[in-house]
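Accompanying notes for the structure given below.
The values are calculated or read from the model by the stated rules, or taken from the named source; none is laboratory data. Computed from a prediction, not measured in an experiment: that's the story for all the values here. All Cβ positions, even for glycine, are placed from backbone atoms using ideal geometry, and neighbour counts span all protein chains on display.
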Amino acid sequence: MKTATATRTRIRKTDFHPVLRVFVYTMVLIFTVLTLYPLYWLFISSLKTNTEFQLNMTGWPWNPTLNNYPTAWRLAQFDTLFLNSVFFTVASTILVILFSLMAGFAFAKIRSKATPFLHGSFVIGILLTLQSLMVPLFLMAVSTNLYNTRLGVLIPYVGMGMPIGIYLCTEFIRSIPDSVVESARIDGASYFRIFASIIAPMTKPVAVTLAILNVSGVWNEFMLVNILVSSDALRTLPVGILKFSGPLASDHGRQFAALTIGLVPMVIFYLVFRKQITKGVSAGAVKG
Amino acid sequence: MKRLLAWWTEERRAYLLLVLPGVLVYWAVMAFPTVFSLGLSMTNYNGGVIFGNPNIQFVGLRHYLRMFNDRYFWISLKNNGLIMAISVFGQIPLGFLFAYVIHRKLIKFGDFFQTIIYLPCVISTIVVGRLWQSFFSPYGPFTKFMQTFQPGWENELAYDPQKAILPVLFVILWMYTGQYMIIFLANLQKIDPSLIEAARIDGASEWQVLTRIMLPALSGVIVTACILAISGSLKSFDLVYAMTAGNPARRTSVLALYMYDTAFKHSPNYPLANSISVFMVLLSFILIVLVRITEARFGGREE
């Protein structure tokens with residue numbers, strides 16, 4: 001411990017040049033201000049009436065009011081938006097984790113000549129951008145009558161989560177010793193039994209990582225719902241929020257209230273699961 | 001029949017059933033559309049029934065030629081290039097700098113700064129886009145800020161075709177630098193601290209620690225970060241859509257938005273949109289292969 005402190009003091013004194021230090025502090029402070037100030041401005045603007053916003057754009061509100069919130073909630077139909085976002089996020093996350101663990105188990109523990117090809121096809125998908133496929137996906141949804149249905153949104157969400165899911169699950173299950181599976185086989189257990197009662201309970205860490213990656217990916221996803229759904233009843237938060245506070249919005253107070261409502265859940269999620277999220281993000285950044 | 005039954009072991013059955021759901025869903029939404037759009041891009045299909053439609057004709061590469069002759073294609077491609085440049089030369093170096101000073105504890109409150117710098121990544125791009133659009137708009141704080149220095153300054157960011165992309169690039173830099181910081185930080189933590197300790201005791205300077213130990217150990221991660229930046233820049237759609245929708249006069253469009261406008265705005269042109277889709281898939285593969293080749297030639301110092 002003593003040496004560590006000694007080394008650290010030496011770094012500060014001899015190597016970290018004052019000019020460099022000023023530069024680094026300036027940079028982190030700029031980033032901090034640029035993050036906190038817009039959020040602060042967003043919040044205080046949501047407490048103003050439209051008339052006040054025109055006169056007092058950046059100052060503290062004269063008569064802070066929370067009235068914009070219920071109005072924005074009702075007009076933008078936040079009940080429906082939240083329900084849909086929760087549904088798509090939860091359903092796709094459960095399915096991605098289940099399918100990835102199943103296939104990952106097969107790839108890692110059952111010998112087959114098909115594995116290199118199948119597993120490889122998923123690894124390529126890590127780099128494929130769904131954005132580049134929006135038009136074919138739309139055309140497919142229309143011609144299979146899945147346009148404007150829950151299933152039509154859910155299937156792409158699951159497919160989109162599979163590549164990284166398969167990659168992480170296969171790696172993880174590979175690290176479980178083969179002898180665990182082999183001894184269960186000798187005892188006469190079927191592969192499904194081994195999966196359900198031995199492997200699945202051991203995979204909690206990778207399941208948590210996947211859940212974090214998938215929840216933040218799907219909750220914020222905009223493009224797919226935007227092109228695959230036109231009915232109000234199926235919209236999710238990002239799509240509903242853009243529709244309500246988009247370029248045509250004329251009431252700034254309400255617009256900012258809607259943006260704040262959209263922002264809060266993810267910020268809370270982040271502050272609560274900060275450690276797991278940072279771990280998940282770095283685990284998800286695998287080589288293609 | 002007997003041989004077939006012998007082949008159809010419990011092992012094979014289990015493998016198939018375990019793999020099937022994932023493979024089916026994934027192939028249906030990622031592999032199939034790639035082939036599907038390649039096919040449709042060479043036909044005149046523009047809506048209606050796809051399968052068994054007698055009016056669909058093969059037209060070859062006509063739509064690709066049209067795409068290459070469209071000025072909006074080049075404007076969009078250029079903007080994707082700018083986003084890629086800001087990612088590779090802005091986000092990655094800054095992300096590395098932040099990760100390094102936080103990891104080596106060269107600044108105070110590293111944990112706090114880390115939390116704040118990563119925060120934008122978790123917010124929905126739509127909310128971020130709308131917020132910054134308002135921020136940079138004539139009624140936002142940016143205008144006010146500029147006017148305190150230059151009274152009478154007029155905010156033309158939303159109208160000037162030359163400058164309109166700047167706020168977008170700025171927001172992209174602001175938003176995703178944290179992502180690279182987190183990735184570098186996680187990999188810096190994997191480097192054995194005793195190695196650095198030993199180097200320090202032997203009299204190595206901080207600069208030598210950085211260039212001789214840290215950077216070589218991270219060369220693989222830097223390549224990964226570049227690949228992420230490249231595929232990430234081709235993904236950019238939501239943010240531009242929410243901030244500018246490509247305007248003014250489609251000057252801030254990107255490839256994904258160009259495809260979106262082609263397919264869903266005014267009269268749809270699906271064959272052209274499919275050509276753009278194929279071009280984007282090809283481009284991302286080519287760029288990634290290029291990064292890999294560069295790595296194989298100049299990298300290779302990774303253990």
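Candidates are the residues of the stretch B:81-117 that are touching a residue at least 12 places away in the same chain (Cβ under 8 Å) and aromatic (Phe, Trp, Tyr); the one that is farthest from A:SER282 (Cα to Cα) is B:PHE113. You will find that of B:PHE264, B:PHE279, B:PHE237, the residue that is more than 13 Å from the chain's Cα centre (by Cα), closer than 25 Å to A:TRP219 by Cα and within 10 Å of chain A (Cβ to nearest Cβ) is B:PHE264 and no other.
Table: residues versus (1) closer than 21 Å to A:GLN131 by Cα; (2) surrounded by 23 or more Cβ atoms within 10 Å (Cβ to Cβ); (3) modelled with pLDDT of 95 or more.
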site: A:THR144; (1), (2), (3): yes, no, no
site: A:ASN148; (1), (2), (3): yes, no, no
site: A:MET160; (1), (2), (3): yes, yes, no
site: A:GLU171; (1), (2), (3): no, no, no
site: A:PRO177; (1), (2), (3): no, no, no
site: A:SER183; (1), (2), (3): no, no, no
site: A:ASP187; (1), (2), (3): no, no, no
site: A:ALA196; (1), (2), (3): no, no, no
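Residues are listed down the side, and each one gets a yes or a no for (1) in contact (Cβ under 8 Å) with a residue 60 or more places away in the chain; (2) surrounded by 12 or more Cβ atoms within 10 Å (Cβ to Cβ); (3) facing chain A (nearest Cβ under 7 Å):
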site: B:GLU11; (1), (2), (3): no, yes, yes
site: B:ALA14; (1), (2), (3): no, yes, yes
site: B:GLY52; (1), (2), (3): no, no, no
site: B:GLY60; (1), (2), (3): no, no, no
site: B:TYR64; (1), (2), (3): yes, yes, no
site: B:LEU77; (1), (2), (3): yes, yes, no
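Is it the case that some residue within the stretch A:176-185 is within 21 Å of A:ILE94 (Cβ to Cβ), aliphatic (A, V, I, L, M), more than 13 Å from chain B (Cβ to nearest Cβ) and free of Cβ contacts under 8 Å to residues at least 24 places away in the same chain? Within the stretch A:176-185, none of the residues are within 21 Å of A:ILE94 (Cβ to Cβ), aliphatic (A, V, I, L, M), more than 13 Å from chain B (Cβ to nearest Cβ) and free of Cβ contacts under 8 Å to residues at least 24 places away in the same chain.
Residue count for the stretch B:44-90 under the criterion of being closer than 30 Å to B:ALA225 by Cβ and of a type in the set (Ser, Thr, Tyr): the result is 2. Considering the stretch B:144-199 alone, what residues qualify as being farther than 30 Å from B:ARG250 by Cα and of a type in the set (D, E, K, R)? Result: B:LYS190, B:ASP192, B:GLU197. Name every residue in the stretch B:154-168 that is over 23 Å from A:GLY262 (Cα atoms), in contact with a helix residue (DSSP H, G or I) (Cβ under 7 Å, 6 or more places away or on another chain) and in a helix (DSSP H, G or I), in order of residue number. Matches in the stretch B:154-168: B:ILE165 only.
Go through the residues of the stretch B:39-50 one by one and say whether even a single one is of a type in the set (A, V, I, L, M, F, W, C), at pLDDT below 85 and either over 26 Å from the mean Cα position of the chain (by Cα) or in a loop (DSSP other than H, G, I, E, B) (or both). Checking the stretch B:39-50: at least one residue is of a type in the set (A, V, I, L, M, F, W, C), at pLDDT below 85 and either over 26 Å from the mean Cα position of the chain (by Cα) or in a loop (DSSP other than H, G, I, E, B) (or both). Here B:ALA273 meets the list (1) buried (at least 17 other Cβ atoms within 10 Å of the Cβ); (2) among the small types (Gly, Ala, Ser); (3) more than 10 Å from chain A (Cβ to nearest Cβ) almost entirely, failing just condition (3).
Of all residue pairs spaced 6 or more apart or on separate chains, those with beta-carbon atoms under 6 Å, a first member in the stretch A:149-169 that is touching a residue at least 12 places away in the same chain (Cβ under 8 Å) and within 10 Å of another protein chain (Cβ to nearest Cβ) and a second member that is of a type in the set (Val, Ile, Thr) and assigned to a helix (DSSP H, G or I) are A:PRO156/B:VAL29; A:TYR157/A:VAL218; A:VAL158/A:VAL96; A:VAL158/B:VAL25; A:GLY161/A:VAL96; A:GLY165/A:VAL96; A:CYS169/A:VAL206.
What residue, among those in the stretch A:113-123 that are surrounded by 16 or more Cβ atoms within 10 Å (Cβ to Cβ) and either farther than 18 Å from B:SER231 by Cβ or β-branched (Val, Ile, Thr) (or both), is nearest to the chain's Cα centre (by Cα)? Within the stretch A:113-123, the match that is nearest to the chain's Cα centre (by Cα) is A:VAL123. When B:GLY22 is tested against (1) under 26 Å from the mean Cα position of the chain (by Cα); (2) farther than 30 Å from B:ILE165 by Cα; (3) more than 8 Å from chain A (Cβ to nearest Cβ), only condition (3) is not met.
In summary, helices (runs of 4 or more DSSP H) completely within the stretch B:185-303 and bearing 2 or more residues that are closer than 24 Å to B:LEU94 by Cα and touching a helix residue (DSSP H, G or I) at 6+ places or on another chain (Cβ under 9 Å) occur at B:193-201, B:215-235, B:238-243, B:270-298.
Only one entry in A:THR65, A:THR49 is touching a Ser or Thr at 6+ places or on another chain (Cβ under 8 Å) and exposed (fewer than 15 other Cβ atoms within 10 Å of the Cβ), namely A:THR65. Checked against the criterion of being surrounded by fewer than 22 Cβ atoms within 10 Å (Cβ to Cβ), of a type outside the set (A, V, I, L, M, F, W, C) and away from every other protein chain (no Cβ under 13 Å), the stretch A:222-236 has at least one qualifying residue. Just one of the numbered conditions (1) surrounded by fewer than 24 Cβ atoms within 10 Å (Cβ to Cβ); (2) within 23 Å of the chain's Cα centre (by Cα); (3) at the interface with another protein chain (Cβ under 10 Å from one of its Cβ atoms) is not true of A:ILE241: (1). Which fully enclosed helices (runs of 4 or more DSSP H) of the stretch B:104-153 have 3 or more residues being surrounded by 19 or more Cβ atoms within 10 Å (Cβ to Cβ) and within 7 Å of chain A (Cβ to nearest Cβ)? Hits in the stretch B:104-153: B:110-122, B:125-136.
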